[in-house]
1. How large is the translational diffusion coefficient of the chain in µm² per second when you combine the Kirkwood radius over alpha carbon pairs with Stokes-Einstein at 37 °C and 0.692 mPa s?
2. Restricting to Cα atoms and excluding each atom paired with itself, what does the Kirkwood estimate give for the range 269-372 in Å?
3. Loop only per DSSP, at most 13 neighbouring Cβ atoms within 10 Å: give me the GluC sites (Glu not before Pro) in the range 1-51, ordered by residue number.
4. Probe of 1.4 angstrom, ligands and nucleic acids ignored: what's the accessible area per residue over the chain, in square angstrom?
5. Heavy atoms only, probe 1.4 Å: what % of the accessible area of the chain goes to carbon and sulfur, would you let me know?
6. Going down the table (K138/K358; K84/K138; K84/K358), which pairs top 25 Å between alpha carbons?
7. Compute the whole-percent fraction of alpha carbon pairs in the range 1-149 spaced more than 27 Å apart.
8. For the chain, what does -39500 (n - 2.57) per DSSP helix run (n ≥ 4), summed and divided by total residues, give at 222 nm, in deg cm²/dmol to the nearest 500?
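The values are calculated or read from the model by the stated rules, or taken from the named source; none is laboratory data. What you see is a predicted model; the values in this text were computed from it and never measured. Cβ coordinates were reconstructed from backbone atoms using ideal geometry, including for glycine residues, and neighbour counts include every protein chain displayed. Just so you know, the surface numbers come from the protein's heavy atoms only, side chains and all, with ligands and any DNA or RNA stripped out. Shrake-Rupley method; radii C 1.70, N 1.55, O 1.52, S 1.80 Å.
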Amino acid sequence: MQTTPAVSGLSCTVCGESAALDAQRCPDCGGVLVVEYDAGAVESADDAVPLDEAAAVSLHEGETPLVPVPDLAEELAVASVAVKNEGRNPTGSLADRKFALAVGAAVQQGAERVGTPSTGNGAQSAAAYAARAGIDSKGVVPSRCPFLNKAMVNVHGGDMYVVEGRYPDAVDAFGEGDDEFVSVGPGHPFRVAGATLLALELVTDGAPDAVVHPTGHGETLVGLRQGFELAVEAGLTDSVPRLYAVQPEDCAPIATAIDSGEADPTPVEYPDTIVGPLEVTDPAAGSAAVAAVEATGGDAVAVPDKEILQGAVDGCEMGPEVGATGGTAVAGIRALADDGAFDEDDDVVLVNPVAGSKEADLLRSHLMSQGM
Ligand SMILES: [Zn+2]
C-alpha cells in the first residue's frame, strides 16, 4: 500500500498488537484498528494523511468551516461555541473524510468493488468515492433510509440493496449471498483515520477545550482521540480536548455504557429515534469509543428526540444550518452544560456531521407539530 512516510502500520485499540495495513479488525482480539503514526514525522496536519497522493481518492473533502455561534456561547455561559460544519463535504456529510481513505485503501488492495451497510449517508458517500476511483460499489440500507441517499447511490452508479426494517436488518443482510467485494464497513481503520484528520484540522483551527459529537458507531470519537493525542505528541498542541458523546435517548448504547461505568456497550434491542443516522444499536467501534471518551476526561449524554429537533431549529437560527443529526449536538451541549460539564473559559466545538438540508423533512414536521 502506498502510504505516506508518517504511517508505520496499524495497531489495535484494545490489545495494542500490530496488524498488516490491509487488516480490518485486530486478528488477535477483534478490536478496532487504527493507523499508527510516527509522531516525529508529523510536522503539520497534512503529514497525517495516510495514503500518498498517487493512491488517494479525493473529491476535496475536509477543510470545512468552523463557524462561531456566539448566541449559544452566551446561553450556556462558555467562552465560545463553534460548529465544525462537516455538512460542507462533497456529499454533505462527515462520511466523505472516511470513504476517501477507506475506498482509497481498498483500491490499493486491488478491489474492483467495495461495500458497506449504512443508515444512508455512508452508502451515498461510498458510492461517490467508488465512482471517482472507477470501481463498483454496493450499499445496503434499511427501508427507512432517506430517499435522497437512495437516489444518490443510484446516481453514482452504485448497487443498492434496500432491506425491509431498520439498520440492524441491513447489517444482517450485508454480505449475504454476495461476497464479491471488499468491505469498507463501520469500524474500518481507514474510516477511523478520516476522523483522525478531523482532529488535526481542529488543532489547526485553534484547538478547542471540548468537542461535542453526535455519535452512532463511535468511530469518529476513536479517530478524534487518536488525532488529538498525535497532535500533542507531535508538539502541534498542548493538550487533548475533552470528548463528549451525544446520542438519542431511545438508541444510546455508548452513552448508557459510559453512564453506568461499563467498558462495552450493550446492544439496544428496540431502538426508536427519529434521527436515522444515529440509530445504530450495536456500534462497531463502541468499546473503543467508550475508552476514547474516558481517556480524554469527557462524558456522554442521551437526549430525547424532542430536544434534538428543537436543538436543530434553534441551531439553524443561531448558526449554520443543522438537521436532526447536528441538532443532537445542540441538545447535547445544552444538557451537558446543565450538568456543569463546562467552565466559563471553555472553547467548545460542536461537530455537525450532516448537512442540515439533507434532513429538512424532520425539521419541517417538528415545526408543524407545534402549529407553525
Ligand atoms: Zn487486539
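1. So the translational diffusion coefficient is about 163 µm²/s.
2. 14.8
3. Within the range 1-51, the qualifying GluC sites (Glu not before Pro) (loop, at most 13 other Cβ atoms within 10 Å) are E43.
4. In whole numbers, the chain has 39 Å² accessible per residue.
5. Looking at the chain in its full context, I get 46 percent from C and S.
6. Pairs exceeding 25 Å: K84/K138.
7. Result: 35 percent of Cα pairs exceed 27 Å.
8. Roughly -11500 deg cm²/dmol at 222 nm, from the helical runs in the chain.
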